[in-house]
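Data first, discussion second: the structure below is written as structure tokens.
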Amino acid sequence: MPENSLTVTDNRTGKVYSLPIEHGTIRAMDLRQIKTDPHDFGLLTYDPAFMNTCSCQSRITFIDGDAGILLYRGYPIEQLAEHSTFLETAYLLYRGSLPTREKLKMWVDGVTRHTILHENIRRFLGGFHYDAHPMGIFVATVSALSTFYQESKQIFDPEARRITFYRLVAKVPTIAAFAYRYSIGMPIAYPDNELSYTGNFLNMMFKGTEPRYRPDPVLERALEVLFILHADHEQNCSTSAMRVVGSAHTDPFTAIAAAAAALYGPLHGGANEAVLKMLNVIGSKDKIPEYIRRVKAGEVKLMGFGHRVYKNYDPRARIIKRTADEVFEVTGKNPLLDIALELERIALEDDYFVSRKLYPNVDFYSGIIYQAMGFPTEMFPVLFAMPRVAGWMSQWEEGLLDPEQKIARPRQIYLGAERRDYVPIEQREPALTGSMLP
Ligand code: SDX
């Protein structure tokens, strides 16, 4: 009996099966052989929300949730946050290694030359309602980019994939900034390609009437760190959406829109916005015990806490907390920080949270920094989606080129009605139970 194997006995038939174990998994398709008779379809797995299912093999990001470890292509997130830039990290995620000085310059130049948006995009931005949520604008506009760059459908052409990567990484800050400026009735500020990636984003967001915007270096660097931390996170909900939509060979602009739509949810990337709303609802430190009571009663969630994988402190939250101090040196302290720190202190001492291994995640402190930097709360999910484009594109390409992958099409357990014949309407009795509404 091979050592790396699982021996299972089907008690329905008494048959014994040996299932190979590889990388700590068994292949679900190896269960299909387990049948009660030759006409039986064979065993499947049932795993709602994929709690215990690997959907792919990947070499991009590694997370050890119990130890609170996060590696991008083997490099610890703490070291990348300290030494790298977002564009260098995007290269690392996409190409798999840190670039030489020459490669990095070519990469940065490649992205920088694509920061401008087609003027027609400005026109349809004007079609959104004045109070449109910027994430709704972001999802729609990223998808619209697929209509401007038809060659993005050539997904098996490496050159088409590379230029699409450049365009997406380069244009999402412009889309985000344009959406923001539109929402506050300000004229848009065009990209300044002399500035860094984050410096230019701050320019497009906050430039006033001055001839040239000069980003504060502390805020510019803080955004680099925040973008590095948000760049990828293995098979999270939005990355899974990217891979599933990409498996149908949809163009990457449209697949990114699907991923961004998943990230928009308050349980995922929308949590940073929900955290700020929660802190404002709490309002002051003395109201925290009442809010904690409501959390324990199941009335509300402690937004920014908990994680499917991390059952320890999210390493990104630790770095963000440190970055907050540097930002507040420039912007002045965000009063909500004291509420957040007290909320964390209380939660980490409370058995309800400790027993469920609920720790602050990446979204708990990020919004406090963004607000202090002048970003409106509704922009926070967009600030999450922007850097995550680098991870989504890297994961999409890895899935596309994986010879084991094909179009994603899960199975189901059917518990619905048995076969029955159509009933003419005159013979239908009113339903005796349930709502009388159609
Ligand atoms: C991100 O997957 C990724 O990698 C995501 C991400 C990335 O970089 O892509 O890290 C980004 O999405 C971070 C998560 C941001 N979301 C939030 O902060 C929203 C609040 N958190 C929860 O909704 C929740 O913790 C999730 C969605 C993050 C994780 O949910 P799980 O893994 O499905 O856990 P669960 O809902 O099964 O909870 C287990 C228990 C339950 O209690 P019991 O039923 O056992 O009594 O913990 C409780 C939950 O009620 N619980 C919470 C809670 N999170 C879990 N209770 C109160 N507040 C919370 N936040």
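The values are calculated or read from the model by the stated rules, or taken from the named source; none is laboratory data. Treat the numbers as computed from the prediction; the structure is a model and nothing was measured. Here Cβ is always computed from backbone atoms with ideal geometry, including for glycine, and neighbour counts include all displayed protein chains. Just so you know, the surface numbers come from the protein's heavy atoms only, side chains and all, with ligands and any DNA or RNA stripped out. Shrake-Rupley method; radii C 1.70, N 1.55, O 1.52, S 1.80 Å.
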Legend entry - Residue within segment 33-42 that is over 23 Å from Gln412 (Cα atoms) and not hydroxyl-bearing (Ser, Thr, Tyr) present: no
Legend entry - Residue list for segment 319-339, restricted to those being touching a residue at least 24 places away in the same chain (Cβ under 8 Å) and either surrounded by fewer than 16 Cβ atoms within 10 Å (Cβ to Cβ) or among the aromatic types (Phe, Trp, Tyr) (or both): Glu326, Phe328, Glu329, Val330, Gly332, Lys333, Asp338
Inset, instruction - Could you grab me the full set of residues in segment 299-318 that are open to solvent by 10 Å² or more (accessible area, probe 1.4 Å), more than 10 Å from the ligand (Cβ to nearest atom) and not charged (D, E, K, R)? - result: Asn312, Tyr313
Inset, instruction - Test Ala258 against the stated conditions and say whether it is crowded, with 22+ Cβ neighbours inside 10 Å and closer than 18 Å to Ala231 by Cα. - result: no
Inset, instruction - Tell me the helices (runs of 4 or more DSSP H) entirely within segment 84-200 that contain at least 2 residues that are modelled with pLDDT of 95 or more and within 26 Å of the chain's Cα centre (by Cα). - result: 86-95, 101-112, 134-148, 158-183
Inset, instruction - State whether one or more residues within segment 101-122 are open to solvent by 20 Å² or more (accessible area, probe 1.4 Å), out of contact with any His (no Cβ under 7 Å at 6 or more places or on another chain) and farther than 26 Å from Gly199 by Cβ. - result: yes
Legend entry - Search result, residues across segment 396-438 that are farther than 30 Å from Pro252 by Cβ, aliphatic (A, V, I, L, M) and either under 44 Å from the mean Cα position of the chain (by Cα) or not in a helix (DSSP H, G or I) (or both): Ile413, Leu415, Ala417, Val423, Ala431, Leu432, Met436, Leu437
Inset, instruction - Pairs only if they're at least six apart or on different chains, beta carbon under 9 angstrom, first in segment 97-114 and among the hydroxyl-bearing types (Ser, Thr, Tyr), second assigned to a loop (DSSP other than H, G, I, E, B); list them, first residue then second. - result: Ser97/Arg73; Thr112/Pro191; Thr112/Asn193
Inset, instruction - Output the number of the condition that Thr331 fails; it satisfies all remaining conditions of (1) near the ligand (Cβ under 9 Å from one of its atoms); (2) hydroxyl-bearing (Ser, Thr, Tyr); (3) touching a helix residue (DSSP H, G or I) at 6+ places or on another chain (Cβ under 6 Å); (4) closer than 28 Å to Arg221 by Cα. - result: (1)
Inset, instruction - Determine whether segment 340-355 contains at least one residue that is outside any helix (DSSP H, G or I), open to solvent by less than 90 Å² (accessible area, probe 1.4 Å) and not basic (Lys, Arg). - result: yes
Legend entry - Among residues of segment 264-298, those that are touching a Cys at 6+ places or on another chain (Cβ under 8 Å) and more than 7 Å from the ligand (Cβ to nearest atom), counted: 1
Inset, instruction - For segment 208-236, enumerate the residues that are surrounded by 23 or more Cβ atoms within 10 Å (Cβ to Cβ) and within 16 Å of the ligand (Cβ to nearest atom). - result: Val225, Leu226, Phe227, Ile228, Leu229, His230, Ala231, Asp232, His233, Asn236
